[in-house]
Amino acid sequence: MIEKTGYKEPPSLRCRMKEHLSCEYNLSRKQVEAMVEIGCNDIKKNLRKIAACVEDNRSALDYEVLRKAAHSLKGVLLNLGLKVEAETAQKIEDAAQNGEKVDLVEKILALENEL
């Protein structure tokens, strides 16, 4: 017999996006689905920019390109109600703005696996 632990998996990113869009905006189910797809595509586009920046410039990181990509990613995440993930993007943006080492890139890139 399996013992119930009461542990519940957190909702997926897509579920969280749908919930946010449904609650915050007066959208039909079809509109919510379309917005989630558009949002996921925008997230992936910005994640590719961040990954390319980090991979292509390991020795001389282009902080301005990284900052812009993190800023764009943050905006998409906030529009979709993903505040925690947007905070990570904000930290990357701030570090890039200050020319500091960015330790959070791996964490933000892991988002793609959750989409």
Per-region count, the stretch 75-114, residues surrounded by 15 or more Cβ atoms within 10 Å (Cβ to Cβ) and not in a helix (DSSP H, G or I): 5
Leu47 vs. criteria in a helix (DSSP H, G or I), within 16 Å of the chain's Cα centre (by Cα) and in contact (Cβ under 8 Å) with a residue 12 or more places away in the chain: yes
Kindly provide the set of residues from the stretch 17-75 that are among the small types (Gly, Ala, Ser) and within 15 Å of Gly99 (Cα to Cα), ordered by number. Ser59, Ala60, Ala69, Ala70
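Readers should treat all values here as calculations from the given coordinates under stated rules, not as data from a laboratory. Here the structure is a predicted model, which is why all the values come from computation and not from measurement. Methodologically, a virtual Cβ is constructed for each residue, glycine included, from the backbone with ideal geometry; neighbour enumeration extends over all protein chains shown.
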